[in-house]
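Have a look at the structure below, then the notes.
The values are calculated or read from the model by the stated rules, or taken from the named source; none is laboratory data. Only a predicted model underlies this, so the values are computations on that prediction, with no experimental measurement involved. Because the Cβ atoms are built from the backbone with ideal geometry, glycine has one as well, and the counts that use them run over all protein chains shown. These area figures cover heavy atoms from the full protein model, side chains too; ligands, DNA and RNA do not enter into them. Shrake-Rupley method; radii C 1.70, N 1.55, O 1.52, S 1.80 Å.
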Amino acid sequence: MATEFNAFAMAQRQFDAVADKLQLDEGIRELLRWPQREFHFTVPVRMDDGTYRVFKGFRVQHNDARGPAKGGIRFHPQETVDTVRALATWMTWKCAVVDIPLGGGKGGVICDPHHLSDREQEQICRGWVRQIAKNVGPLSDVPAPDVMTNAQHMLWMLDEFEVLHGGHYPGFITGKPIGMGGSLGRPEATGFGVVFTLREAMRELNIKPENTQASVQGFGNVAQFAIELYERLGGKVIAVACWDQQDQTSYTYRKKNGVNLAELRKVTDRFGGIQKSKVEGLGYEILPGDAWLEQDVDILIPCAIENQITGENVGRIGKRVRIIAEGANGPTSPDADRLIAARNIFIIPDLLANAGGVICSYFEQVQCNTNYFWDRDEVFGKLDQKITAAFIAVSDLAKTKRVSMRDAAYLIAIHRVASACKDRGWI
Ligand code: NAD
């Protein structure tokens, strides 16, 4: 079933539905259904053992009517161009819904960093930039980290770009290390953003955070910081699911009186994989990978990969669940969406819930461009302001138009991008 899933087909279906509601003309529809540009290329690398391997790389620029394309680069063994296209499309809507002056892009390399040395990964990063250097840059397309890429990868990419262009261009890429053009607060930004929107949703539904429990899928960058801030608000996470590289399957780790974030972080690798052998002794129940969905909790926070809540498993969502905050991109299929709406579960859609990362990337660019860096509180304060304002706008529209939060977010985003294309005279 999973192999048949096509993220781009889903992104186009979502778009078509909103285009109907907005009664968009045929021309603008056709423009926005497809990426404006895409690049497919090879990245040859001499491996540590002296052999050569050729990796496949992508960069997709979906739309840049509102500003330079913006979006991460994923390293994943199952990466496909359709996944990258979908993610690029979602970036366009995400930047528009939170009203930052950027468009949508995404990139990837088909590779598995688990089996690559640091030197080999560096060569992939540099090779990727060499192939695309003329078509990306601070004024055209600004990459960032994503699944299985991090600040170190971004710095190697920046360095290669600056060597090729002969100057300093810190605004070329975001998610850089602190002190090397990175913004304070960027690691926390996506996870914290998820919880800023979750806090607003709880406020709207009259739910007190301290009376809630949550179950989280994923234990990587987004999940860990979402858990951190949610716990600071008083909530309790009782289950966390992640991928086990050794067993090639996922597990859910449950502690009914609350998982211990600090303790779990100590036994987690840099890819967000919790070491099963180490948690066994810490009093966690080890359940199947999809058990995170059926826990008796108030809140679900999917923060792993796409297509995790589907028409097939949506019925297993626990009866108590009131809110789903989508930390991951595209975790819920459209079939599942309908059933979630029918159950009156409040969904905070991915393009809004996980926009904290791109908002902070935008802040990183602003800081690089002015060569003046803000302190952490200033970053979090501005992030909270921006994402909360977007949440309120989406929620207001959802109420006035009597549509779901997802539809409202898409209506706002697509309307803004369509207007930018029209105002520029493109169509
Ligand atoms: P990450 O690589 O740090 O963590 C991914 C987590 O998902 C890991 O814990 C991994 O074990 C888990 N996982 C992977 N496959 C799984 C499976 N089949 N079942 C259960 N768990 C699985 O990645 P991240 O940066 O935290 O990103 C997570 C999601 O959030 C992705 O969808 C990404 O596109 C999205 N996102 C990330 C950012 C960001 O700033 N990092 C911003 C916006 C959206």
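A few points about this structure:
- When the stretch 1-148 is described by a simple charge dipole with +1 on each Lys and Arg Cβ and -1 on each Asp and Glu Cβ, the residue from P77, G50, N6 located farthest towards its positive end is G50.
- Atom-type composition of the exposed protein surface of the stretch 13-161 places 50 percent of the accessible area on carbon and sulfur (1.4 angstrom probe).
- Dividing the summed -39500 (n - 2.57) terms of all DSSP H runs of n ≥ 4 by the residue count of the chain sets its mean residue ellipticity at 222 nm at -14000 deg cm²/dmol.
- Model label zone, E30; criterion: amide N under 14 Å from point 7 Å along Cα-to-beta-carbon; scope the stretch 385-427: 427
- About its Cα centre, the dipole of the chain is roughly 640 debye, where the only charges are +1 on Lys and Arg Cβ and -1 on Asp and Glu Cβ.
- Taking all Cα pairs closer than 8 Å and separated by 6 or more residues, the relative contact order of the stretch 293-405 comes to 22 percent.
- Among residues other than R199 with Cβ under 13 Å from its Cβ, the summed charge is -2 (Lys and Arg +1, Asp and Glu -1).
- Relative to its Kirkwood radius, the Cα radius of gyration of the chain gives an Rg/Rh of 0.95.
- Under the convention that each Lys and Arg Cβ holds +1 and each Asp and Glu Cβ holds -1, the size of the dipole of the stretch 70-180 around its Cα centre is about 240 debye.
- Over all other residues within a Cβ to Cβ distance under 14 Å of K176, the charged ones net out to -3, with Lys and Arg as +1 and Asp and Glu as -1.
- Projected label distance in nm at N211 and F39, using a 7 Å step from Cα toward the beta-carbon: 5.4
- Calculated FRET efficiency, L287 to E204, Cβ-Cβ distance, R0 = 35 Å: about 0.65 to the nearest 0.05.
- Mean Cβ count within 10 Å, highest first, over the residues of peptides 108-114, 205-211: 108-114, 205-211
- Between the beta carbons of Y372 and W426, assuming R0 = 22 Å, the FRET efficiency works out to 0.05 to the nearest 0.05.
- Counted by Cβ distance under 10 Å from A65, the other residues give a net charge of +2, where Lys and Arg count +1 and Asp and Glu count -1.
- Out-of-range pairs (alpha-carbon distance over 18 Å; input K70/K134; K106/K134; K176/K266; K236/K256): K176/K266
- Among beta bridges that DSSP assigns inside the stretch 241-338, antiparallel share in %, nearest 5: 75
- A Förster distance of 22 Å, applied to the separation of the beta-carbon atoms of K319 and F5, puts the FRET efficiency at 0.25.
- Kyte-Doolittle mean at least 0.0 and Cα axial length at least 20 Å: DSSP H helices in the chain: 7-22, 81-97, 151-165, 356-370, 405-423
- Considering only I132, I100, G167, and ranking their Cα positions along the charge dipole of the stretch 26-174 that arises from unit charges at the beta-carbon of Lys, Arg, Asp and Glu, the one farthest toward the positive end is I100.
- Where the chain is the region considered: accessible area per residue in Å², 1.4 Å probe: 41
- The GNM of the chain, with springs linking C-alpha atoms under 10 angstrom apart, assigns the highest mean-square fluctuation among D146, D118, D298 to D118.
- Additional length obtainable on full extension of the chain from S419 to D112, 0.36 nm per residue less Cα span: 106.5 nm
- Multiplying the residue separation of V81 and K401 by 0.36 nm and subtracting their alpha-carbon distance yields 111.7 nm.
- For the stretch 178-264, alpha-carbon Rg and Dmax in angstrom: 14.4, 43
- Solvent-accessible surface ranking, highest first, for K70, K276 at 1.4 angstrom: K276, K70
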